[in-house]
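Just below is one structure, and these are the notes that go with it.
What follows is calculated from the coordinates using simple rules that are stated; it is not laboratory data. Keep in mind it's a predicted model, so treat the numbers as computed, not measured. Every residue, glycine among them, receives a Cβ derived from its backbone with ideal geometry; neighbour counts consider all protein chains shown.
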Amino acid sequence: MRLLLINGNTTQFVTDAAAREARLAAADGTEVVAVTGRSGARIIGTRFENALAQHEMIALAAAHGEGIDAVLIAVSYDTALPALRELLSVPVVGMTEAALLTAHLAGGRIGMVSLGRRVQPLYRELAAAYGLDRRIAGWRTVESTKAFAPGDTAELDGLLAGACNELVEQELAEVVVLLGAVMAGAPRRLQARVPVPLVEGIASGVGQAELLVRLGLPKPGAGSYALPGRRELAGVEPAILALLRRQPG
């Protein structure tokens with residue numbers, strides 16, 4: 001199968017980190033095609049920047065979606081997930097939804113670790129929207145920019161391990177989710193230092209995308225996730241219009 005990994009951030013390092021982990025997590029025969037946002041924030045960190053990225057995510061899916069079997073959103077706010085599930089005929093997986101569902105299966109009380117205090121409310125709202133907020137034992141924030149550029153991760157890993165262990169010891173977390181596309185690969189580095197399972201969204205998302213492709217579930221033909229059809233639009237990118245034209249109706 002061919003999996004399209006879309007990073008709506010405009011930083012290539014984030015795409016490379018996510019794609020590397022996706023390829024490690026993928027089954028034999030899964031090809032990962034990774035693309036990076038062309039416009040918008042270098043690292044999405046506000047509601048405004050996330051709103052800007054929604055259009056870019058749709059445009060990238062339209063431009064690179066030919067011959068793709070599934071899509072993985074490599075932005076931890078699951079940017080444009082509902083819209084892409086409506087627009088595309090293949091499975092679309094959001095990385096944070098995937099991480100939360102994996103954590104739900106792996107343990108009881110879920111601990112959440114994010115990078116930066118400003119974005120924690122966005123993650124809280126996302127968890128609530130998925131109906132999994134009641135499973136969350138507690139939240140911890142790590143204030144560090146080390147995750148967003150290449151280099152030694154020793155300092156960052158120490159902070160992350162400390163936050164995870166606080167959740168285990170103080171909040172009785174039984175599994176911990178590391179939030180953010182730049183956390184791809186972090187469980188591999190940290191698991192020996194934390195006594196409960198560590199989960200992140202890229203590896204989880206790859207596995208769930210592969211499962212959905214194997215199941216071969218049909219695209220909804222009714223309801224809000226049915227194809228939007230050839231609706232009248234103005235000033236829309238040619239790739240998006242071409243995708244809509246390929247749809248029935």
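Observations, loosely collected:
- Secondary structure note: in the range 97-202, about 0% of the DSSP beta bridges are antiparallel.
- Under the combined filter of DSSP loop state and at most 15 neighbouring Cβ atoms within 10 Å, the range 155-249 retains these trypsin sites (Lys or Arg not before Pro): 230, 231, 246.
- Here the chain is treated with +1 on each Lys and Arg Cβ and -1 on each Asp and Glu Cβ, and its dipole about the Cα centre works out to around 400 debye.
- As a calculated quantity, the FRET efficiency between residue 68 and residue 105 at R0 = 30 Å, using C-beta atoms, amounts to about 0.70.
- Reducing the range 77-145 and the range 36-69 to their Cα centroids gives an inter-centroid distance of 18 Å.
- 0 to 90° range, to nearest 10: angle between helix 154-171 axis and the chain longest Cα axis: 80 degrees
- In the range 97-202 the Cα-Cα distances spread across 10 Å bins starting at 0 as 16, 55, 27, 2 percent of all pairs.
- Relative packing of 27-38, 232-243, 69-80, 166-177, which averages over residues the other C-beta atoms within 10 Å, highest first: 69-80, 166-177, 27-38, 232-243
- Summed over qualifying helices (DSSP H, 4 residues or more, each -39500 (n - 2.57)) and divided by its residue number, the chain shows a 222 nm mean residue ellipticity of -13500 deg cm²/dmol.
- Two-site label geometry, residue 130 and residue 144: point separation in nm, points 7 Å out along Cα→Cβ: 2.3 nm
- Each Lys and Arg Cβ is given +1 and each Asp and Glu Cβ -1; about its Cα centre, the range 142-200 then shows a dipole of about 260 debye.
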